[in-house]
Amino acid sequence: MIKKLIAISAFSVSCIFSAQKISIMPSVGYAWRTAKMPSGLNYQEKQYLKGLKKGVNFDISAYYNLNTQLGLGVKYSNYSASSDGRLSVSDNSGQVFTATVSTQDKITFFGPALMFSNFNEPTRHKLFYDIGLGVMTYKTTTGNIEGKGSTLGLEANFGYQYQVAKQFFIGPKLGFTAGTLSKMTYNGMTYDFPDDEKEGLTRVSLSAVATFRF
């Protein structure tokens, strides 16, 4: 009788681990912000802003499989970009001042997400689609001026992976993150954007994504 109980317990533990219900999915790549640049910019200003419109994109997700195709979990992503430029401004008297500026931007997303996949099917070619809704936070720093803002954001990804091992997949992923700021705080002072000047945080990304299954 004891031997039977031991065998049943061992079989139960084996089934739990073989089910592989947990997926951890880190990725890294590049992203491009899609917001249009203001009109009337000179060449230096355009080059300066172009440097902030592309940067490194990192994200990590964790999912628990509710059934063979649907997973429920959380997602975090981080976009970072920096740019240096020599910009000119004029005062009320028309006198022009030129200075070198350096800006660092960071956009983060965090929230719950759903994933649909064929991870549990007997094929080495894996496909997945995930979508999350959460909080997007934007931080920009230029010298001693710091701007912050947050809004509701959406993030979606579609990817293909190849099963290298039973518990490890890898492949490319196309991502889309959307959000718009209607106001920001600069050094403690809040500024409300007009409708035609809202800060667009939307970006597309191309990354390499790995999946670890447990």
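The values are calculated or read from the model by the stated rules, or taken from the named source; none is laboratory data. As the structure is a prediction and not an experimental result, all values here were calculated from the model. No Cβ is skipped: glycine too gets one built from the backbone with ideal geometry, and neighbour counts run over all protein chains shown. In case anyone asks, the SASA skips ligands and DNA or RNA and just uses the protein heavy atoms, side chains included. Shrake-Rupley method; radii C 1.70, N 1.55, O 1.52, S 1.80 Å.
Quick rundown of the values:
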{"item": "Some residue of region 10-19 being within 30 Å of Thr211 (Cβ to Cβ) and at pLDDT 90 or above", "result": "no"}
{"item": "Some residue of region 140-151 being farther than 29 Å from Gln104 by Cβ, open to solvent by less than 80 Å² (accessible area, probe 1.4 Å) and at pLDDT 95 or above", "result": "no"}
{"item": "Filtered residues of region 160-182 (kept if in a strand (DSSP E or B), within 24 Å of Gly111 (Cα to Cα) and without any contact (Cβ under 8 Å) to a residue 60 or more places away in the chain)", "result": "Tyr160, Gln161, Phe169, Ile170, Gly171, Pro172, Leu174, Phe176, Ala178, Thr180, Leu181"}
{"item": "Qualifying position, being of a type in the set (Val, Ile, Thr), closer than 23 Å to Ser205 by Cα and either open to solvent by less than 40 Å² (accessible area, probe 1.4 Å) or not in a strand (DSSP E or B) (or both), among Thr68, Thr108, Thr137", "result": "Thr108"}
{"item": "The one condition in (1) within 27 Å of Ser102 (Cα to Cα); (2) surrounded by fewer than 20 Cβ atoms within 10 Å (Cβ to Cβ) that Thr177 fails to fulfil", "result": "(2)"}
{"item": "Filter result (surrounded by 14 or more Cβ atoms within 10 Å (Cβ to Cβ) and of a type in the set (Phe, Trp, Tyr)) within region 187-211", "result": "Phe193"}
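Results for (1) under 18 Å from Thr211 (Cα atoms); (2) among the small types (Gly, Ala, Ser), shown as yes or no for each residue.
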site	(1), (2)
Thr98	no, no
Phe110	no, no
Ser117	yes, yes
Leu127	yes, no
Leu154	no, no
Phe158	yes, no
Tyr162	yes, no
Phe168	yes, no
Leu174	yes, no
